[in-house]
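Comments concern the structure below.
Read the figures in this text as sums done on the coordinates, not as results from a lab. Nothing here was measured: the structure is a model prediction, and the numbers come from that model. Cβ atoms come from the backbone with ideal geometry, glycine included; neighbour counts cover every protein chain shown.
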There are 2 protein chains.
Amino acid sequence: MAAKPDSQGSEPASAASGTGARELRWDIIELLFFAYRDFVGDADQELEAFGFGRAHHRVIHFVTRYPGLKVADLLDVLRITKQSLGRVLKQLLDEGYIVQKTGNNDRRQRLLYATPKGEALVAKLAGLQTDRINRALAGIDAAGAETVRQFLRAMIDRDDPDKVLEAIFGSSKKARE
Amino acid sequence: MAAKPDSQGSEPASAASGTGARELRWDIIELLFFAYRDFVGDADQELEAFGFGRAHHRVIHFVTRYPGLKVADLLDVLRITKQSLGRVLKQLLDEGYIVQKTGNNDRRQRLLYATPKGEALVAKLAGLQTDRINRALAGIDAAGAETVRQFLRAMIDRDDPDKVLEAIFGSSKKARE
DNA sequence: AATTTATGTCAGCCATATTGACGTATCTTG
DNA sequence: CAAGATACGTCAATATGGCTGACATAAATT
């Protein structure tokens, strides 16, 4: 038996040392964990059929959505090193999901573009995730859906936004700059 | 330059083959990605100081929150194999963050409990995440916060719920059982 | 011409996940 | 009770996707 959160009862003893012992958002913390677990799980199954993993999905997704993304931009978005990106990106290039074009202004840059093949894969995966989102929003009206977006936007760090985030947030580049 | 989603313009060509070509929820898909990236990022830094990774966090979190959780329950929640859990759990046991107790009814079971040391770590990490959530909910009223919870709950798979999910959802165990 | 920048790559390491096999204690069932 | 199923632990091998550090090249900048 066991396994029942003491949501009202005894909070963890020594509490948050140095962080203060105010009310912790256990509910939302755990809902986020499970929601994201199942959200990414949708794509995982499909990806297996292509011999890809989550890393490939993230790369092809953002390249499809933001055509002409530079390698450096992608590194900012994914928060990984170029060595890590390298392996995954090379596979996607070799297998024809992505193509590179030399930058016009700066010929050092390799601008990334998804091929139709890549776009198709991304759309398929986004379709699965969209299904889940639509189901989740089924009982929520337009105003509620906007509240959900507002919450998610506010969960994101806005200091030092990468190129994709600037696009998402309409580049209100804060103070710096 | 580049990097601007063609949110209105040309959707990916070959669209979702087999999944239908209706509107895809690009915005929420990406907001979820960034929100979760930064959400778990909070804990990452702290964990480094303890020599732990995300895997340790997930384990100690759920053990703290659901005292007496069985090993099998934890495997369901985390969706990993017992071999993977094994190493991480052993570390947490060895270093005194978790203790095991033999089940009363079933002596094969090893019920897991967080020590005060473990609870303190979990509370500290939950504190960081709570700060972010509170900031995100700052401009949202009580009804809006409930909408957010409703959305997150609805994003979670309800078929074959694990023990923790049953607790979270008030065990409305669907048909099976 | 010297330096910096954007990218690629080699080499190795680490964390975390996997599958498969096997062992042991304990509960359940015929 | 004997047989089988279950809960858990563990050994071994492997894969993925991160990491650091070092180094190379081409192109832009100064």
Position B:Gln100, label points 7 Å along Cα→Cβ, spacing to each other copy in nm (shortest first, one decimal): 5.0
Average beta carbon contacts from partner chains per residue of A:130-142, 10 Å cutoff: 5
Relative packing of A:65-75, B:120-130, which averages over residues the other C-beta atoms within 10 Å, highest first: B:120-130, A:65-75
Size of charge dipole - region A:63-177 - debye, nearest 20, with Cβ of Lys, Arg +1 and Asp, Glu -1, no other charges: 340
Relative contact order computed over region B:63-143 (Cα-Cα under 8 Å; 6+ residues apart), in percent: 31
FRET efficiency estimate (nearest 0.05) - Cβ-Cβ, B:Leu75 to A:Glu23, R0 22 angstrom: 0.15
Potential extension, A:Asp160-A:Arg110 segment - 0.36 nm per residue separation minus Cα distance: 15.7 nm
Shielding by partners, peptide B:160-170 (average Cβ within 10 angstrom, other chains): 3
Inter-probe distance in nm under a simple model that places probes 7 Å from Cα toward Cβ, at A:Leu93 and B:Glu48: 2.9
Pair-distance profile P(r), taking every C-alpha pair of region B:26-168, with 10 angstrom steps and integer %: 10, 34, 36, 16, 3, 0
Flagged links, alpha-carbon separation over 29 Å, of A:Lys82/B:Lys117; A:Lys70/B:Lys82; A:Lys90/B:Lys82; B:Lys70/B:Lys124; A:Lys124/A:Lys163: A:Lys82/B:Lys117; A:Lys70/B:Lys82; A:Lys90/B:Lys82
Length released on extending from A:Arg135 to A:Lys117, taking residue separation times 0.36 nm less the Cα-Cα span: 3.7 nm
